[in-house]
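> Dropping the structure in here first, questions after.
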Amino acid sequence: MSELKELLAAEAARQQPTHQPPFADLVRSRRRRDRRAPLLAGALIALALTAAGVPALMRQERTAPSAPSAGVPVTGTLLQVGGPGGIPPRGIAGTVHFQATDGTVTEVLAKIDGRFSLSVPPGRYVATGTPRGHGTSNPSSVFVSNPPEVPTGNSSGAVTTIPDGARLPVCEADAPITVSSGGLDDVQVICQVR
């Protein structure tokens, strides 16, 4: 029986914590937990109120009118003016570039008659163009050694040729373009042939 007492005493000693903090530390720890409880309860209440308010805000957003996210319509013409013999202004095929103030560029192809349409967000843009067959980012600085063909814009699809040694046209709108939330019509991007 004494062996049993010794075994029980040894097991009780083994299950005792090896280190117990001083009583003052235990009291401080309890006070910290007690102070956190109201803060946690307040955070949970605020979270519940916020969660209850989110569906109401979402319903308001659905009913409120919103601005179009994909952009508004813009139409215009890529025109060629000038050149040898005083060619009258005419629409030409090419690419029109709308560069936003943040540097974003939206490109659209102009048809053989020069007409183009695209969608851009409302804002301020610089509109430039490149006639079809002129794959350069700075057409005003390129000297033509082999004259490219430029569509005339008539329905027969006939083309004219920029004379050998002529400079490629600089294509741009007269001023920066301001696109309102209602869109914009009749933008003219002029390619001045010199």
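Taken together, the values in this text are just the output of simple stated rules run on the coordinates, not laboratory data. As the structure is a prediction and not an experimental result, all values here were calculated from the model. Positions of Cβ are generated from backbone atoms using ideal geometry, with glycine treated the same way; all protein chains shown enter the neighbour counts.
> Starting from the 7 Å offset along Cα-to-Cβ, what nm value, one decimal, do you get for the label separation of SER2 and PHE23?
Computed distance between label sites SER2 and PHE23 equals 3.6 nm.
> Please list the non-local residues whose amide H lies under 5 Å from the amide H of VAL170, H modeled 1.01 Å from N, same-chain partners needing a gap of 5 or more.
Those qualifying (amide H under 5 Å, at least 5 residues apart or on another chain) are GLN192.
> Using amide H atoms built 1.01 Å from N in the peptide plane, name the residues 5+ places from ARG132, or on other chains, whose amide H lies under 5 Å from its own.
Placed amide hydrogens put ALA93, GLY94, THR95 under 5 Å from ARG132.
> Work out from phi, with θ = phi - 60° and the Karplus expression 6.51 cos²θ - 1.76 cosθ + 1.60, the ³J(HN,Hα) of each residue of the range 30-44, listed in order in whole Hz, and give x for Gly and Pro.
Along the range 30-44, the couplings run 5, 4, 4, 4, 5, 6, 6, 4, x, 5, 5, 5, x, 5, 5 Hz.
> For ARG115, list long-range residues whose amide hydrogen, built 1.01 Å from N in the peptide plane, is under 5 Å from its own amide hydrogen.
LEU78
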